[in-house]
Amino acid sequence: MDESTWYLRKAHDDSQFGPITFDQLQQWAADAQVSPLDRVSTDQKTWMKAPMVPELEMDYLIQVSDELFYGPTTVGSIREFLTAGEITYETCITNCKDASQLQVKDLIPPIAEPGNAPEAELTLAGTRGSIRINLQQRIRELEEALLEERRARETAEMLVEKLETQLANISKK
């Protein structure tokens, strides 16, 4: 991608992140931090759903249950679903690029296979750690914003009290 400045708008709460580099956006997508409903932009005016950017590799549709699908999303998200126990290695996924159907085990080798365990465990641990760090940072940001809002409310309440007192004094005259 040529554009160096990107923005991410989360679908669930409309929070916005950026400016960030495209490399950072790609990493967030790979780490399962970008949902299929999230939007991205280079100018904060024109927004598109994240899966519409091919370089984010949000190429897979997960069949979570008989009637529930998630995606398109990344291999990192599939790992998260697998780690959380929401899907198994036998779960069907669809590659949205070519419409092929496969099972999770065809894309992500089971951890128990000889030779794959250390690398797979490291990848899963890295993904979880990265998400945990970003969630902790987001929680801190939200707590700080909440504290600022409380301070602003207290200041406004004191100002209202002061004005009400002045109005009462004027009314008595």
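Yes or no: residue 44 modelled with pLDDT under 80, under 23 Å from residue 7 (Cα atoms) and of a type in the set (S, T, N, Q)? Criteria not met by residue 44.
If you go through region 54-85 and pick out every residue that is surrounded by fewer than 18 Cβ atoms within 10 Å (Cβ to Cβ) and either among the hydroxyl-bearing types (Ser, Thr, Tyr) or part of a helix (DSSP H, G or I) (or both), you end up with 4.
Annotation note: of 86, 67, 80, 90, the sole residue that is out of contact with any helix residue (DSSP H, G or I) (no Cβ under 9 Å at 6 or more places or on another chain), not assigned by TED's automatic domain parsing to the domain that holds residue 137 and not basic (Lys, Arg) is 67. Tell me, yes or no, whether region 121-133 has at least one residue that is at pLDDT 65 or above, under 30 Å from the mean Cα position of the chain (by Cα), in a helix (DSSP H, G or I) and under 24 Å from residue 17 (Cα atoms). Scanning region 121-133 turns up no residue that is at pLDDT 65 or above, under 30 Å from the mean Cα position of the chain (by Cα), in a helix (DSSP H, G or I) and under 24 Å from residue 17 (Cα atoms). Checked against the criterion of being outside the structural domain of residue 85 (by TED's automatic domain parsing), of a type outside the set (Phe, Trp, Tyr) and in contact (Cβ under 8 Å) with a residue 40 or more places away in the chain, the candidates 33, 16, 24 yield just one match: 33. Of the residues making up region 22-53, those that are under 24 Å from residue 79 (Cα atoms) and assigned to a loop (DSSP other than H, G, I, E, B) are 31, 32, 33, 34, 35, 36, 37, 38, 53.
In this structure, is residue 51 touching an Asp or Glu at 6+ places or on another chain (Cβ under 9 Å), within 25 Å of residue 83 (Cα to Cα) and without any contact (Cβ under 8 Å) to a residue 60 or more places away in the chain? The answer is yes for residue 51. Remark: pairs (first residue in region 66-84, small (Gly, Ala, Ser); second residue assigned to a helix (DSSP H, G or I); Cβ separation under 6 Å; 6+ apart in sequence or on different chains) = 76/30; 76/127.
Here residue 29 does not qualify as aliphatic (A, V, I, L, M) and surrounded by fewer than 20 Cβ atoms within 10 Å (Cβ to Cβ).
The values are calculated or read from the model by the stated rules, or taken from the named source; none is laboratory data. Predicted, not measured: the structure shown is a model, and the values here were computed from it. No Cβ is skipped: glycine too gets one built from the backbone with ideal geometry, and neighbour counts run over all protein chains shown.
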